[in-house]
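Since the structure comes first, as structure tokens, the remarks are kept for the end.
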Amino acid sequence: MQLTDVVKHFPIGSGGLMRRAREHLRAVDGVSLEIRRGETIGLVGETGCGKSTLARCITRLYDLTSGTVSFAGQDISRLSARELRPYRQRMQMVFQDPYGSLNPRRRVGSIIADPFAANGLAKAAERKSKVLELMQLVGLNPEHYNRFPADFSGGQRQRIGLARALALRPELVVCDEPVSALDVSIQAQIINLLADLQVKLGLTYIFIAHDLSVVRHVCDRIAVMYLGRIVEVAETEELFRRPRHPYTQALLSAIPTPDPDLVNGADRVVLRGDPPSPINPPSGCRFHPRCPRAQGRCELEDPALGQPDPDDHNHAVACHFPVEDGEALAPGRQEQQ
Amino acid sequence: MTLTPAAALEPAALGSSAPAAGEAIEGRSPWQLAWVRLRHDKVAVGSSIVIGAIVLLALFAPLIAHLVGHGPNEQFRTTGLSPQGIPVGPGSTFLFGTDDLGRDVLVRVIYGARISLLVGVVASGLAVVVGVIVGLTAGYFGGPVDSVLSRFMDVVLSLPYLVFAIALVSLLGPSLTISVAVIAFFSWASVGRIVRGQVLSIKEREFVEAARSVGASHLRIMFVDILPNVLAPTIVYATMLIPLSIVFESTLSFLGIGVLPPTATWGNMLSESIAYYRVAWWFVAFPGLALLITTMAFNLLGDSLRDALDPGGNRRFIGSEVKP
């Protein structure tokens, strides 16, 4: 799967018959990324940075403003709904909200059978046996076939959503924060289930999260997003060991430490302010107003995300002044402001 | 089954709702839950019984006419009118008295129920079908489709219905069909508005996205995924629409532009009785009471349905929208 310069802008204040939107919210603004078969790639970034929008661009739930998404060598970014159908079957999505993503008025069996019904696949009896098989696959009791989503817990609902996503045996599953709405203990179960299924079914995952410890556990590679752009991408351990973008450093330093005595106080990078509005993003590097390393050039020139270096753990960073090995960020100064 | 079950991961959580031994594992649908709530609602049961009784009376109107021995349009000039030509009051021969032409008011009220129920149900049904389709389309597609359909609904809602009805009837001549058409035409837009509003919020829910991502067509999403979620308020509104339609029909008949005499409807009976209300109270009272009781029963049932179906209304709510 290859994303090239994916752009998604949302017009603001539209809806009228005559009115034209003047402003655009740049949710995703030029993302290029390669996703390899069989890997798990993590997309991280703070709320509103465009992770979920990117996920919906990949699965073509949104139409792209520009750029291309190609799947198995075929550009799918301009296909019509009808032409898209065979590709829809090959890539599926697991949603964030286990309460919102299941229709409360339909029985679980019929929700999981939806992919078959929507595509006119399998007859009733066959459909049911497939649904039972799927329920077992994701660790649900097949006897609960006739229940309603309201009868299930959050973790179980997420399993239902997973069963629905797996129904058509997709190759790529986009998980949009699949565990962030769940209790920590349930999170582990779902993550283990995802890992088991990946081995069993040979799945490729795009795993969106804002919890870095979860991402570290499941992902082979991680892409860090900030304000609609990817600012750094690398193999997981490389990224955690040697973050080069100041934003990545700040993110990593915000991971809570289990031991209260071992607070990473000295290394802590605290960013100033809030993320700027994606309606009017800053000039140059989008991170420069909050960046502790920003210099004059950052305001003017937009740094490009280089090609990932295969000799260097596929590391790529979009920064004029990336952090070098062993260099500290002078955090104290930032904290006082 | 070729795949190894992963059930070992969460064995305890599977039985979390802990069904009693022997209980079939079948979830109760939101409709079933609403039904249970409705059955425990005395007002709902009472109004249903009243409506049921009216429906039965209407269905068996010919039988009742036969038992009483008075046809609905039959005139009893000797027994039904006093020597001065004044209607006869309620008594053993005419339980509800007679009208100005010596016809049995009881039999005519019962025959009137047929017209009222027919018009009420058919016109509301038509209005709901059209309103749901238009509202669903407008809400689901949004954008220019929504703008055009919504403005059209606004136009319909702003038309003065009586003027319009009188104009239409003077062109086509009064009849039952015209009445039903006029009532449905002036009712669907409010249904459409309600449905559109509901759809606007429901189409943003993630399960609609999920349906799109599995490749469901627009029609399938509209009718399989969204429609069941807007049905509850629609049913409530439809129940409220029936008495409105009945009153609407009575209004038309009262004005002489609805169902024509001699066919008995509550509206034209009331219209005929105006001249006699000083001497024959029963002539006004019984059709009026019938109208009152019927509309009230439907309205009360609608209220109870709202309580039973509306998830926000909560009263012992066990349904789907509550997050644990």
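The values are calculated or read from the model by the stated rules, or taken from the named source; none is laboratory data. Just so you know, these numbers come straight off a predicted model, no measurement behind them. Methodologically, a virtual Cβ is constructed for each residue, glycine included, from the backbone with ideal geometry; neighbour enumeration extends over all protein chains shown.
A count restricted to the stretch B:157-183 and to residues that are surrounded by fewer than 20 Cβ atoms within 10 Å (Cβ to Cβ) and either of a type in the set (Val, Ile, Thr) or farther than 21 Å from B:SER253 by Cβ (or both) stands at 7.
Within the bounds of the stretch B:43-58, is there any residue that is modelled with pLDDT under 80 and either crowded, with 17+ Cβ neighbours inside 10 Å or of a type in the set (Gly, Ala, Ser) (or both)? Let's see the steps before the verdict.
Step one: list which residues in the stretch B:43-58 are modelled with pLDDT under 80, which gives none.
Among the residues of the stretch B:43-58, not one is modelled with pLDDT under 80 and either crowded, with 17+ Cβ neighbours inside 10 Å or of a type in the set (Gly, Ala, Ser) (or both), which makes the answer no.
The set of residues from the stretch A:85-127 being more than 7 Å from chain B (Cβ to nearest Cβ) and under 19 Å from A:ASP176 (Cβ atoms) comprises A:TYR87, A:ARG90, A:MET91, A:VAL94, A:GLN96, A:PRO98, A:ILE111, A:ILE112. Taken over the stretch A:52-84, the criterion of being more than 9 Å from chain B (Cβ to nearest Cβ) and at positive phi is satisfied by A:GLY67, A:ALA72, A:GLY73. Residues that are within 12 Å of another protein chain (Cβ to nearest Cβ) and touching an Asp or Glu at 6+ places or on another chain (Cβ under 6 Å) occur in the stretch A:187-202; there is at least one.
Just a yes or no: is a residue in the stretch B:203-217 without any contact (Cβ under 8 Å) to a residue 40 or more places away in the chain, more than 14 Å from every other protein chain (Cβ to nearest Cβ) and touching a Pro at 6+ places or on another chain (Cβ under 6 Å)? Looking for residues that are without any contact (Cβ under 8 Å) to a residue 40 or more places away in the chain, more than 14 Å from every other protein chain (Cβ to nearest Cβ) and touching a Pro at 6+ places or on another chain (Cβ under 6 Å), one finds none in the stretch B:203-217, hence no. Among the criteria (1) within 10 Å of chain B (Cβ to nearest Cβ); (2) out of contact with any Leu (no Cβ under 8 Å at 6 or more places or on another chain), the one A:SER180 does not fulfil is (1). Residues being surrounded by 19 or more Cβ atoms within 10 Å (Cβ to Cβ), β-branched (Val, Ile, Thr) and either farther than 30 Å from A:GLU177 by Cα or modelled with pLDDT under 85 (or both) are entirely absent from the stretch B:217-224. Of a type outside the set (Val, Ile, Thr) and part of a loop (DSSP other than H, G, I, E, B): which single residue out of B:GLU209, B:GLU204, B:GLU272 fits that description? Being of a type outside the set (Val, Ile, Thr) and part of a loop (DSSP other than H, G, I, E, B) holds for just one of B:GLU209, B:GLU204, B:GLU272, which is B:GLU204. Taken residue by residue, the stretch B:63-75 has no member that is in contact (Cβ under 8 Å) with a residue 24 or more places away in the chain, surrounded by fewer than 16 Cβ atoms within 10 Å (Cβ to Cβ) and within 27 Å of B:ARG306 (Cα to Cα). For the structure I just gave you, tell me whether B:PHE186 is more than 30 Å from A:ARG88 (Cα to Cα), at pLDDT below 90 and surrounded by 18 or more Cβ atoms within 10 Å (Cβ to Cβ). The answer is yes for B:PHE186. So is B:ILE183 touching a residue at least 60 places away in the same chain (Cβ under 8 Å), within 26 Å of the chain's Cα centre (by Cα) and within 14 Å of another protein chain (Cβ to nearest Cβ) or not? No: the conditions fail for B:ILE183.
Within the stretch B:229-237, can one find any residue that is away from every other protein chain (no Cβ under 14 Å) and not small (Gly, Ala, Ser)? Walk me through how you get there before you give the answer.
Of the residues in the stretch B:229-237, the ones away from every other protein chain (no Cβ under 14 Å) are B:236-237.
The next check asks that each one be not small (Gly, Ala, Ser); those that pass are B:236-237.
The answer is yes; a qualifying residue exists.
In the stretch A:130-156, of all residues being small (Gly, Ala, Ser) and farther than 23 Å from A:LYS200 by Cβ, the one that is nearest to the other protein chains (Cβ to nearest Cβ) corresponds to A:ALA150.
This table checks each residue for (1) under 23 Å from the mean Cα position of the chain (by Cα); (2) at pLDDT 75 or above; (3) under 28 Å from A:ASP220 (Cβ atoms); (4) buried (at least 18 other Cβ atoms within 10 Å of the Cβ).
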{"site": "A:LEU251", "(1), (2), (3), (4)": "yes, yes, yes, yes"}
{"site": "A:PRO276", "(1), (2), (3), (4)": "yes, yes, no, no"}
{"site": "A:GLN295", "(1), (2), (3), (4)": "no, yes, no, no"}
{"site": "A:ASP302", "(1), (2), (3), (4)": "no, yes, no, no"}
{"site": "A:ASP311", "(1), (2), (3), (4)": "no, no, yes, no"}
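No other residue among B:ASP104, B:ASP154 is crowded, with 20+ Cβ neighbours inside 10 Å and at negative phi apart from B:ASP104. For beta carbons closer than 8 Å, sequence separation of 6+ or different chains, a first residue in the stretch B:234-251 that is charged (D, E, K, R) and a second that is modelled with pLDDT under 85 and surrounded by fewer than 23 Cβ atoms within 10 Å (Cβ to Cβ), there are no qualifying pairs. Going through the stretch A:189-221 one residue at a time, which ones are small (Gly, Ala, Ser) and in contact with a helix residue (DSSP H, G or I) (Cβ under 9 Å, 6 or more places away or on another chain)? Answer for the stretch A:189-221, where residues must be small (Gly, Ala, Ser) and in contact with a helix residue (DSSP H, G or I) (Cβ under 9 Å, 6 or more places away or on another chain): A:ALA195, A:ALA209.
The one condition from (1) farther than 27 Å from A:VAL214 by Cβ; (2) at pLDDT below 80 that A:HIS320 does not meet is (2).
Out of A:SER70, A:SER52, A:SER110, one residue alone is within 15 Å of the chain's Cα centre (by Cα), outside any loop (DSSP other than H, G, I, E, B) and small (Gly, Ala, Ser). It is A:SER52.
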